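Below is one structure, written out as structure tokens, with a few remarks after it.
The values are calculated or read from the model by the stated rules, or taken from the named source; none is laboratory data. Being a predicted model, the structure only gives us computed values, none of them experimental. FYI the Cβ positions are ideal-geometry reconstructions off the backbone, even for glycines, and counts take in every protein chain you see. To get the accessible areas, we keep the full protein, side chains included, count just its heavy atoms, and leave off ligands, DNA and RNA. Shrake-Rupley method; radii C 1.70, N 1.55, O 1.52, S 1.80 Å.
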Amino acid sequence: MFTMGIAFAIGKASVFKYISDDYPHNIGVVSGVVGLAGGMGGFLLPIMFGALVDLTGVRSSAFMLMFGIVWVSLMWMYFTEVRPLDAEQALKHPEPTHFSG
């Protein structure tokens, strides 16, 4: 649980780092919305954990739900941050073309 808490803290810190980078003039408003989303997650996730245990009867279903949330978050991060960055770098530094003839 300690390790998971550390991982969550690192994740939270990285979210707020993105806020300061992407919204430098609206840090307070965006931080409030992110805090609201985090609060809703803290309220809804335990309810969802209990409902999953009741529905499936599998005690590890909470970890399955967390795995699904992390997987969706990683895919979202890839498509919104990493992929556009790769496309931007490709436009700045195009691959050289080699003609043989």
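Find how much the distance from residue 13 to residue 73 grows on full extension, using 0.36 nm per residue of separation minus their present alpha carbon separation; answer in nm with one decimal.
20.1 nm
Please report, in debye to the nearest 20, how large the charge dipole of the chain is about its Cα centre when each Lys and Arg carries +1 at its beta carbon and each Asp and Glu carries -1 there.
In total the dipole reaches around 280 debye.
Which one, 32, 41, 50, has the greatest fluctuation when you compute a Gaussian network model over the chain with C-alpha springs under 10 angstrom?
Result for the chain, Cα springs under 10 Å: 32 fluctuates most.
What ranking, highest mean first, results for peptides 17-28, 1-12 when packing means the other Cβ atoms within 10 Å averaged over each residue?
17-28, 1-12
Sorting check: for 56-66, 77-87, which peptide has the highest mean count of neighbouring beta carbons within 10 Å, and how do the rest follow?
Descending mean neighbour count gives 56-66, 77-87.
Measure off 7 Å from each Cα along the Cα-to-Cβ vector at residue 31 and residue 1, then give the distance between these two points in nanometres to one decimal.
It works out to 2.9 nm between the two label points.
Helix 2-22 sits at what angle to the longest principal axis of the chain, using alpha carbons and giving 0 to 90 degrees rounded to 10?
Tilt relative to the chain: about 50 degrees.
Among 63, 50, 40, flag the residue with its Cα farthest along the positive direction of the charge dipole of the chain, charges on Cβ as +1 for Lys/Arg and -1 for Asp/Glu.
50
Over the chain, average the accessible area per residue using a 1.4 Å probe and give it in Å², no decimals.
Roughly 85 Å² per residue, with all protein chains present.
If you project the alpha carbons of the stretch 1-53 onto their three principal axes, what span does each projection cover, largest first, in Å?
43, 22, 11
Using a Debye calculation, one point per C-alpha and no hydration shell, please list log10 I(q)/I(0) for the chain at q = 0.11, 0.19, 0.20, 0.22 Å⁻¹ in order.
Rounded to two decimals, the profile gives -0.53, -1.13, -1.19, -1.29.
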